1. Under the condition of being in a helix (DSSP H, G or I) and in contact (Cβ under 8 Å) with a residue 60 or more places away in the chain, which residue from the range 69-81 is nearest to residue 45 (Cα to Cα)?
2. Right, residue 92: at pLDDT 90 or above and more than 13 Å from the chain's Cα centre (by Cα) or not?
3. Given the criterion hydrophobic (A, V, I, L, M, F, W, C), at pLDDT below 95 and out of contact with any Leu (no Cβ under 8 Å at 6 or more places or on another chain), identify the matching residue among 60, 74.
4. Just for the range 82-95: of the residues that are of a type in the set (A, V, I, L, M, F, W, C) and assigned to a helix (DSSP H, G or I), which one is farthest from residue 41 (Cα to Cα)?
5. Name the single residue that is most open to solvent (accessible area, probe 1.4 Å) among those in the range 96-114 being outside any loop (DSSP other than H, G, I, E, B) and in contact with a Lys or Arg (Cβ under 6 Å, 6 or more places away or on another chain).
6. Within the range 74-101, can you find the residues that are farther than 15 Å from residue 31 by Cβ and of a type outside the set (D, E, K, R)?
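The values are calculated or read from the model by the stated rules, or taken from the named source; none is laboratory data. Note that the structure is a prediction, hence the values are computed from the model and not measured. Here Cβ is always computed from backbone atoms with ideal geometry, including for glycine, and neighbour counts include all displayed protein chains. Ligands, DNA and RNA are stripped out before the accessible areas are found, and what is left, the full protein with its side chains, is counted by its heavy atoms. Shrake-Rupley method; radii C 1.70, N 1.55, O 1.52, S 1.80 Å.
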Amino acid sequence: MPTAQEQPFKTDLKKLKLLITVVNRKKTEFYLDYLTGFEVNFQTAVAAQGTASSDMMYLLGLAESDKSVIFSILREDRAEEAMQGLDEKFHNLRGGKGIAFTVPLTGVIGVAIYRFLSNNRR
């Protein structure tokens, strides 16, 4: 029987997803803070500009074309909960409209990076 030092390292690996969220630029900080509640350890936001014409924006009820694209990495088991929470915020928060979708990540180089991104410090 192997000793504790000879046993291979075992961990429960969780798949990761890239969550992409497009929101009004004025709400960027709100959504960055909100997403940290889903154990998101890495996020970055990029300024963007909407491409719809002013007539189309008026018809859709959208006042601003200044957007932010938020890139967040989270565990797959938290993605559905985050998407549902974002959907609720998009419908109920004044000026909080946006879109969000996820893309599966197929690989990460390095155990330390994986542990950081998956919020697994064990």
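1. Step one: of the range 69-81, the residues in a helix (DSSP H, G or I) are 76-81.
With the extra rule that they be in contact (Cβ under 8 Å) with a residue 60 or more places away in the chain, the set shrinks to 76-77, 79.
Details: 76: 21, 77: 23, 79: 18 Å.
Step by step, filter the range 69-81, then rank; the result is 79.
2. Working: at pLDDT 90 or above: yes; more than 13 Å from the chain's Cα centre (by Cα): yes.
Yes, satisfied.
3. On the way: 74 fails: out of contact with any Leu (no Cβ under 8 Å at 6 or more places or on another chain).
It is 60.
4. Just the residues of the range 82-95 that are of a type in the set (A, V, I, L, M, F, W, C), to begin with: 82-83, 86, 90, 93.
If we keep only those that are assigned to a helix (DSSP H, G or I) as well, we get 82-83, 86, 90.
On the way: 82: 14, 83: 17, 86: 17, 90: 22 Å.
Selected residue: 90.
5. If we filter the range 96-114 for residues that are outside any loop (DSSP other than H, G, I, E, B), which is where we start, we get 98-104, 111-114.
Retained after the next criterion (residues that are in contact with a Lys or Arg (Cβ under 6 Å, 6 or more places away or on another chain)): 102, 104.
Values: 102: 46, 104: 86 Å².
Applying the filter and picking the extreme gives 104.
6. 79
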